[in-house]
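The values are calculated or read from the model by the stated rules, or taken from the named source; none is laboratory data. Every value quoted in this text rests on a predicted model; they were computed, and no experiment measured them. Note that each Cβ is placed from the backbone with ideal geometry, even for glycine, and that neighbours are counted across all protein chains shown.
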Amino acid sequence: MVSIDLLAQTVSNGVLLGGIYALAALGLSLIFGIMDVVNLAHGHLLMLGGYVAIVLFTMAGLSPLVGMLAAMLVLFVIGIVLQRALLERVVDEGIEQPILVLFGVALVFQNLGQHFLGSDAQSTELTLGIGGIDLGPVLLSPSRTVTFVVAVLLVVLTWLFLEYTSTGHAIRATSQNRAAARYVGIDTDRIYMLTMGVGAALAGAAGSLLSMLFPIDPYVGWSYLLKSFAVVVLGGVGSIIGTLVGGVILGTAENVTALFLGGSYRDVMTFTIFLLVLLLKPEGLFGTGGGGE
């Protein structure tokens with residue numbers, strides 16, 4: 001029988017993990033909400049971000065938090081290149097063409113990761129030199145707490161950027177009506193390029209943070225793509241608050257499922273939540289249909 005203390009610890013770990021899931025999903029939601037593009041390469045962008053942190057950690061001895069900043073920069077550039085070189089040519093040709101292009105990109109990234117870094121799972125380690133936070137029956141590990149705080153901070157900074165900067169206002173206007181945005185002088189091609197870059201950078205940050213908690217291999221992209229989809233559907237496209245809530249719900253549900261049924265059922269729970277929300281509340285808990293709340 002599972003004790004109350006163990007259940008409380010499991011739930012708390014799930015909440016902390018959910019912050020990273022929210023960060024991962026935010027990039028996916030941003031790209032879809034503004035560009036109407038389903039980014040099937042999103043999980044593999046996350047995987048690349050994890051590998052950037054891993055390479056800098058193993059070869060240069062850099063903190064994975066520094067690696068996260070590097071991953072965000074690298075993935076921002078990759079996102080811009082993907083938009084300018086590939087998506088710009090097909091983004092106005094319906095939903096199918098971008099999906100096919102990004103599916104191909106995902107396969108390319110997966111094979112590049114396998115070729116250059118091997119199939120073995122790798123990870124980083126965040127060394128802080130401090131003990132966990134004791135909350136009675138719950139002990140919050142330093143690494144999980146820091147990754148949660150960093151993830152939530154990045155989500156909040158993204159919201160502030162969208163809400164209070166002129167570029168953020170242009171992004172939101174483009175998401176609501178691209179033709180009208182062009183009419184008032186907004187360079188929507190530049191907005192799409194920036195959106196893809198920011199979305200990829202957020203995925204890279206999430207991958208770096210996840211590398212501190214779980215091993216990364218070339219094949220994790222599909223799993224994290226599904227998790228990101230589940231969070232977006234659960235919280236609602238365009239809702240940053242919904243993304244945070246959805247991430248926490250998914251992280252908690254996964255951890256509790258693993259406690260009672262085993263770790264192999266994590267993705268089963270993810271897929272179950274994804275399908276149930278699509279069937280029962282397809283607009284999500286906080287769906288706005290817009291570009292950012």
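The test for being in contact with a Ser or Thr (Cβ under 8 Å, 6 or more places away or on another chain) and either part of a loop (DSSP other than H, G, I, E, B) or in contact (Cβ under 8 Å) with a residue 60 or more places away in the chain (or both) does not hold for residue 75.
For region 115-168, filtered to residues that are among the aromatic types (Phe, Trp, Tyr) and surrounded by 12 or more Cβ atoms within 10 Å (Cβ to Cβ), the residue that is nearest to residue 246 (Cα to Cα) is 148. The criterion of at least 1 residues that are among the basic types (Lys, Arg), in contact with a Gly (Cβ under 8 Å, 6 or more places away or on another chain) and modelled with pLDDT under 95 is met, among helices (runs of 4 or more DSSP H) falling completely within region 114-186, by 166-176.
Please give the number of the condition residue 192 fails out of (1) under 19 Å from residue 74 (Cα atoms); (2) among the aromatic types (Phe, Trp, Tyr); (3) without any contact (Cβ under 8 Å) to a residue 40 or more places away in the chain. Result: residue 192 passes all but (3). When restricted to residues that are under 15 Å from residue 43 (Cα atoms) and of a type in the set (Phe, Trp, Tyr), region 93-123 contains 2.
Figure legend. Inter-residue proximity from region 239-258: first residues touching a residue at least 24 places away in the same chain (Cβ under 8 Å), second residues of a type in the set (Asp, Glu), beta-carbon distance below 7 Å, spacing 6+ or different chains. Indicated pairs: 239/293; 240/293; 241/293.
Among the residues making up region 33-58, those that are aliphatic (A, V, I, L, M), part of a helix (DSSP H, G or I) and modelled with pLDDT of 95 or more are 45, 46, 47, 48, 52, 53, 54, 55, 56. Of all residues in region 203-227, those that are in a strand (DSSP E or B) have Cβ atoms under 8 Å from Cβ atoms of residues that are aliphatic (A, V, I, L, M) and surrounded by 22 or more Cβ atoms within 10 Å (Cβ to Cβ), 6 or more apart or on another chain, in 216/47; 216/54; 216/210.
If the condition is being in contact with a helix residue (DSSP H, G or I) (Cβ under 6 Å, 6 or more places away or on another chain) and closer than 28 Å to residue 78 by Cβ, then region 118-143 contributes 122, 124, 126.
Could you say which residue among 6, 30 is part of a helix (DSSP H, G or I) and over 13 Å from the mean Cα position of the chain (by Cα)? 6 is the lone residue from the list that is part of a helix (DSSP H, G or I) and over 13 Å from the mean Cα position of the chain (by Cα).
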